[in-house]
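Novice: Questions regarding the structure given below will be posed in turn.
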Protein chains: 2
Amino acid sequence: MEKLIALRELMKNRNIDAYIIFSNDAHSSEYVADYWKSREWFSGFTGSAGTVVVLQDQVGLWTDGRYFIQAENQLIGSEIKLFKMGEPNIPKIKDFLSEKLPHGGCVGFDGRTITMSDFDEIKETLTNKGISYSYNEDLLNELWEERPLMPTSPAFEHEPCFAGLSAAEKLRIVREKMETHKIEAYLVVALDDIAWLLNIRGNDVLYTPVVYSYALITKNEAHVFIDLNKVEDFSCKLKTQGFVLHNYNELPAHIKNLNNCSVYFNPKKTNVLLAESIPSNCKILDDHKIDILPLLKAAKSEAELKNIRNAYLKDSVVIVKLLKWLDESDVSTLTEDSVCAKLIELRKEQKHYLENSFNTIAAYGANAAMAHYHHEGEGATLRPEGFLLIDTGAQYLDGTTDTTRTIALGKISEEMKLDFTMVLKGHIALNKVIFPKGAIGHTLDMIARQPVLQTKKNYLHGTGHGIGYCLSVHEGPHSISLSIKDTTELVSGMLVSNEPALYEAGLYGIRTENVLVVRELNDKLLCFENLTFCPIDLRAVDFALLTNEEKEYLEEYHKKTCEILAPFLSDEEKTWLQKFKFKEETGKFS
Amino acid sequence: MEKLIALRELMKNRNIDAYIIFSNDAHSSEYVADYWKSREWFSGFTGSAGTVVVLQDQVGLWTDGRYFIQAENQLIGSEIKLFKMGEPNIPKIKDFLSEKLPHGGCVGFDGRTITMSDFDEIKETLTNKGISYSYNEDLLNELWEERPLMPTSPAFEHEPCFAGLSAAEKLRIVREKMETHKIEAYLVVALDDIAWLLNIRGNDVLYTPVVYSYALITKNEAHVFIDLNKVEDFSCKLKTQGFVLHNYNELPAHIKNLNNCSVYFNPKKTNVLLAESIPSNCKILDDHKIDILPLLKAAKSEAELKNIRNAYLKDSVVIVKLLKWLDESDVSTLTEDSVCAKLIELRKEQKHYLENSFNTIAAYGANAAMAHYHHEGEGATLRPEGFLLIDTGAQYLDGTTDTTRTIALGKISEEMKLDFTMVLKGHIALNKVIFPKGAIGHTLDMIARQPVLQTKKNYLHGTGHGIGYCLSVHEGPHSISLSIKDTTELVSGMLVSNEPALYEAGLYGIRTENVLVVRELNDKLLCFENLTFCPIDLRAVDFALLTNEEKEYLEEYHKKTCEILAPFLSDEEKTWLQKFKFKEETGKFS
């Protein structure tokens, strides 16, 4: 309440009619440092997505379906009204503003925390209302006395044995592409793009080993803006590779010095304050589809893939050990949280492990029906019945992993078995798919989704996302989704997750996820190579619903899993894994 | 040669450095009246697609893979060089022009025969070359002494029992949509859009029963530009429905009178001459995705669908009779042409038959490996072996049909059987597909293509196209294709063809095509209803490769075909059709 009164006072002083508090950092990162959590500080709502709009007589928080319940609870006692995005009759922020703002009104916000694409959308809706925008107004900074500082922990080199190409070589390729697209200055804001280019990693945010930084690349110069203390140990190496280092906050001055050249920025990632500071005599190129670094880093090199295969073997071993532990435990003594803790314990035994790549989802029973569930405290206690869904991944120096398995802890219903089998059929179909070069991931989603749809059910998320290399677990620009937003052609070396699913609200959730890499089958066709080797719970499969090809796939998959993981398992673990082998003598699994 | 010399003389007089001869009419029609066939008259090349570019020292014809052989033959003895589009190192026209034209040069063409989209593409490539465009230059008209006149045959009303909604009601809906999109004047150029809106049909071009016409619709007025003689018989009715009739050539004057309003035209259909004549004080709206009439007419009404189902029954009867005739003939006495002739003979027996909806493809053996083959003269003589591919459709007053069947005339190889079976598996999968509302046809193509791809083969065309209602057999805006060009969501009532295929150059071609209509399965999901009932040649199927579901589909399909066609068949025909029924006693078909 105090914060609200103080903010409204500031708004009055600056003639701001509406003040918007976004959740982004200045780089559109998926995970942000505490310094950027102003919306959380202001509203008390801790979800990852949410926007607050403050007027003199109203204040609202917009968030999506993942967070309705949490936001309702966390807003209790505040004046902030919850706007449930996507629900009928709930206005979008832009339409709310259009209705509430007076003609000629002023909208204020911290221009570092909204992308040009999102800003353009608001502007378009408010056109004809004579609105002015004050985007250099970090009003909360004036109120937030104990605001956390920007992170300061040191960065480290992603060494040549992991990185493959040197930073100098990557820079050369970037410049080649710049010439193709007639880009004279390339503004890079995404933290993972910069980390990949420079072959550095860091500890600035949770789950993604990146460092707060920018880059501005021209034909002859490559400027990097970063806390110089973080890179002290290897700044010489970066300089010899062709980079000029500056302090993090010096980018705006460099942008203002651009003169009469063509400047590229990705409008879906670049914040308003930066984009608007480009001098007007420059030619703006801002087609998000041609952003150079995302496309380069998405198609993993053979050197990267060699490492990535190894990281996936390590994490497959972790999950095999976890599943064995679960299988042999009295699950009634376990909670969702103890499953997550066990995973960290097991991962710490693996070489080059850094941290988890996202907050592990261990969701028991009805909890798994919420696709983005995360337990609080100990979470639910497990019972020897129903499904446990585990979605987990790790950051290793040699790769980023992401795996989901759904485990039958005991008795399951016939419908659960049917649903599990349909999800599995979709998962297998996508694993085996063959597609022509030039195809967009968009065209593959229905292959994985079709078996579930045949039962008149559906899952309301995409089937797959790209994955970084010791970087973000959700990495663009490609995906496998029904949405038309992404039009990136799949090319050899791209990683994608394969995660069809099914959620029955209040009952259970099922998801089966491997990670695949796009490979050339021949000069015209592409296919997938599977990277994840963890057994699939055959107790939950209705084999009568599988075709012979699908049964063969399962047999081969588990046979290969046993073989490929054997060198990393104890005899006892190997014996346990034999459970998933097809037995010729009985004609059955297990 | 004479024509070329004369044209170059005219070009010199008008200071035109490059003159382009396109193949379109002024409405971007698929089939055009002879009046518009200036490229054919000039070059001697009779294919449906091709563009001639004339310079003082060079002249070229650009055409696509369907026509390479034909064009080579037809250009023999002329100075015109063939540019095989899509082949390596063959420049596009725009790049050719960019290379050859002097700075500040002039490009001339008949601006009625190129769309704004295509023109914009050329302009973009030639930007920075200071090129001027002279788009009101129908130079060939000055040379072409015996140019055919525009067609004059009368139009006719598409009567209420066929049309469903009245023209007045359709006009009301169009105006509602115009308001939604803030369109004050809607320029309609596509002949099928106008025919559908006015509930008229005609005989101006082959295969598509349309009438040369334009419309210009505002909130209070609906102007139609058409040869008034053609509509004499029912002009009163059109007037009472709210339309004002003008002569065909009076549109430009009306466009010039537009004043200070928002004008919509579809840039992919509207020619340069019209689009450029819109006064500059008007606001241009030209997003092809919101074109109102294509979307309205694509989603067939229940009244239209009732008629369409009937038309498909009639044409299914025709094809059953044809297949029986083939089965019982000594095929060595038949040619590709006699198959086409037989189809016309059979169709003439059907009520409300107008004409074929395209030039029937009857392609024997290796001829079928050319997807767009059409025989000349008698065509190939059939033999009792290998495949005969028949792709054929008709215009009935109650519907437009399109069906393909591939028939084994005798012995076929194991590979042919495998390929036929894979095409069939894809065809069945698309027939049975279930998909969420909001999905684009783009996301369904891979479902039909996947079985063929699994054999490491592919077909290089889309899987399906929309189909008109007693209108064009290829009707947008939707399609089922891997190409991203179309982003139209499939909605209930849309027709699509389902035609996976496989072509082995020099050997054989396989295609199996039914037409489907999008239907609601429930409030969230869509599925397809099948409209085409013609037996599939089970002699070409390898049943070992089919799943139980696929076998059941075939059994059901042929059972339903027998039942639904029975009222229209003789006893002898019904007995013949029993061949395709699954026999419980033997566990086999036939």
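Novice: How many nanometers, to one decimal and shortest first, lie between the label point of A:TRP144 and those of its other copies, if labels sit 7 Å from Cα toward Cβ?
Specialist: Those label-point separations list as 7.0 nm.
Novice: Moving on. Enter the accessible area per residue of the protein assembly as shown (Å², integer; probe 1.4 Å; all protein chains in place). Can you show the working numbers first?
Specialist: Working: 48630 Å² over 1180 residues.
Per-residue accessible area for the protein assembly as shown comes out at 41 Å².
Novice: Looking at region A:478-500, which residues lose a minimum of 10 Å² of accessible area between their chain alone and all protein chains in place, measuring with a 1.4 Å probe and not counting ligands or nucleic acids?
Specialist: A:LEU482, A:ILE484, A:THR487
Novice: Same structure again: From the phi of every residue in region B:376-382, what ³J(HN,Hα) in whole Hz does the Karplus formula 6.51 cos²θ - 1.76 cosθ + 1.60 yield, where θ is phi - 60° and glycine or proline is x?
Specialist: Per residue, the Karplus-derived 3J(HN,Hα) values read 10, x, 7, x, 5, 8, 6 Hz.
Novice: Please name whichever of A:THR421, A:ALA363, A:THR400 sits farthest to the positive end of the charge dipole of region A:326-424, dipole taken about the Cα centre and charges placed at Cβ: Lys and Arg +1, Asp and Glu -1.
Specialist: So the residue furthest toward the plus end is A:THR400.
Novice: Relative to the present Cα-Cα distance, how much length would full extension add between B:ASN359 and B:ILE290 at 0.36 nm per residue of separation?
Specialist: Answer, rounded to one decimal: 21.7 nm.
Novice: Can you list the residues of region B:521-548 that have at least 10 square angstrom less accessible area with all protein chains present than in their chain by itself, probe 1.4 Å?
Specialist: Checking the loss per residue gives B:LEU521, B:ASN522, B:LEU525, B:THR547.
Novice: Share of antiparallel DSSP beta bridges in chain A, in percent to the nearest 5?
Specialist: Numbers: 60 of 79 bridges.
So the antiparallel bridges in chain A amount to around 75 percent.
Novice: Quick one: dipole size for the protein assembly as shown, taken about the Cα centre, charges +1 on Lys/Arg Cβ and -1 on Asp/Glu Cβ, in debye to the nearest 20.
Specialist: 80 debye
Novice: Residues with amide H under 5 Å of B:GLU355's amide H, sequence separation 5 or more or different chain, H placed in the peptide plane at 1.01 Å from N; which?
Specialist: Correct list: B:GLN395.
Novice: Placing a label point 7 Å from Cα toward Cβ, how far apart in nm is A:ASN15 from its equivalents in the other copies, listed shortest first to one decimal?
Specialist: Label-point distances to the other copies, shortest first: 5.3 nm.
Novice: Cα atoms only: what Rg and Dmax, in Å, come out for chain A?
Specialist: 25.1, 83
Novice: Let me ask something else. Please turn the phi angles of region A:83-93 into ³J(HN,Hα) values with the Karplus equation 6.51 cos²θ - 1.76 cosθ + 1.60 (θ = phi - 60°), one per residue in order, whole Hz, x for glycine and proline.
Specialist: 10, 7, 4, x, 6, x, 6, 9, x, 6, 3
Novice: Taking 20 Å² as the minimum loss, tell me which residues in region B:415-456 lose that much accessible area going from the chain by itself to the full protein complex (1.4 Å probe).
Specialist: B:LYS432, B:ILE434, B:PRO436, B:ILE440, B:HIS442, B:THR443, B:MET446, B:ILE447, B:GLN450, B:LEU453, B:GLN454, B:LYS456
Novice: Tell me, what is the percent relative contact order of chain B, built from C-alpha pairs under 8 Å that lie six or more residues apart?
Specialist: 11 percent
Novice: Long-range amide H contacts for B:LYS300: which residues qualify at under 5 Å (H placed 1.01 Å from N, peptide plane, sequence gap of 5 or more or a different chain)?
Specialist: B:MET494, B:LEU495
Novice: Tell me the total accessible area that B and A bury against each other, 1.4 angstrom probe, in square angstrom rounded to 100.
Specialist: By this definition, chains B and A bury close to 2000 Å².
Novice: Determine the gain in length on full extension of the stretch B:LYS579-B:ASN548; use 0.36 nm per residue of separation and subtract their C-alpha separation, reporting nm with one decimal.
Specialist: 9.1 nm
Novice: What is the calculated FRET efficiency for B:ARG14 to B:ILE90, with r their C-beta to C-beta distance and R₀ = 35 Å, to the nearest 0.05?
Specialist: 0.75
Novice: If you don't mind, another one. How far apart, in nm, are two points set 7 Å out from the Cα along the Cα-to-Cβ line at A:CYS282 and at B:SER301?
Specialist: The answer from the label model is 5.6 nm.
Novice: Right, another one. For every other residue with a beta carbon closer than 13 angstrom to the beta carbon of A:ASP398, add +1 if it is Lys or Arg and -1 if Asp or Glu, then tell me the sum.
Specialist: Numbers: positive: A:ARG201, A:LYS300, A:LYS306, A:ARG309, A:LYS314, A:LYS351; negative: A:GLU159, A:GLU304, A:ASP315.
Counting the neighbours of A:ASP398, the net charge comes to +3.
Novice: Enumerate the calculated ³J(HN,Hα) couplings along region A:354-363 in order (Karplus 6.51 cos²θ - 1.76 cosθ + 1.60, θ = phi - 60°), each rounded to whole Hz, writing x wherever the residue is Gly or Pro.
Specialist: Whole-Hz 3J(HN,Hα) from phi for region A:354-363: 9, 5, 6, 8, 6, 6, 3, 9, 10, 10.
Novice: If you restrict to DSSP beta bridges whose two residues both lie in the protein assembly as shown, what percentage is antiparallel, to the nearest 5? Could the numbers behind the result be given before it?
Specialist: Numbers: 119 of 157 bridges.
Percent antiparallel among DSSP bridges in the protein assembly as shown is about 75.
Novice: Could you work out how far the C-alpha centroid of region A:71-140 sits from that of region B:14-91, in angstrom?
Specialist: 55 Å
Novice: Name the long-range amide H neighbours of B:THR208: under 5 Å, sequence gap of 5 or more, or other chain; modelled H, no Pro or chain starts.
Specialist: When sequence neighbours closer than 5 places are left aside, there are no close amide H contacts.
Novice: Taking the Cα centre of chain B as the origin, how large is its charge dipole in debye, to the nearest 20, when only Lys and Arg (+1) and Asp and Glu (-1) carry charge on their Cβ atoms?
Specialist: Charge dipole, chain B, about its Cα centre: 980 debye, nearest 20.
Novice: What whole-number distance in Å separates the alpha-carbon centres of region B:200-276 and region B:490-522?
Specialist: If you average the Cα positions of each part, the centres end up 34 Å apart.
Novice: Apply 1/(1 + (r/R0)^6) to the Cβ-Cβ distance of A:GLU414 and A:ILE5, taking R0 = 45 Å, and write down the FRET efficiency to the nearest 0.05.
Specialist: For A:GLU414 and A:ILE5, the calculated efficiency is 0.15.
Novice: In what sequence, highest mean first, do B:59-71, B:547-559, B:563-575 appear when ranked by Cβ atoms within 10 angstrom?
Specialist: B:59-71, B:547-559, B:563-575
Novice: Considering only the label points, 7 Å along Cα→Cβ from Cα, what distances in nm to one decimal separate A:THR381 from the same position in each other copy, shortest first?
Specialist: Going from nearest to farthest copy, the values are 8.9 nm.
Novice: Going from the alpha-carbon gyration tensor of region B:268-313, what semi-axes, largest first and in whole Å, does one get by taking the root of 5 times each eigenvalue? All intermediate terms of the calculation are to be shown ahead of the outcome.
Specialist: Values: eigenvalues 252, 25, 12 Å².
That gives 35, 11, 8 Å for the three semi-axes.
Novice: Give me the percent of accessible area attributable to carbon and sulfur for the protein assembly as shown, probe 1.4 angstrom.
Specialist: Within the protein assembly as shown, the accessible surface is 50 percent carbon and sulfur.
The values are calculated or read from the model by the stated rules, or taken from the named source; none is laboratory data. Note that this is a predicted model, so its numbers are computed, not measured. Using ideal geometry, Cβ is built from the backbone for each residue, glycine included, and neighbour counts are taken over all protein chains shown. Areas reflect the complete protein model, heavy atoms only, side chains present, ligands, DNA and RNA absent. Shrake-Rupley method; radii C 1.70, N 1.55, O 1.52, S 1.80 Å.
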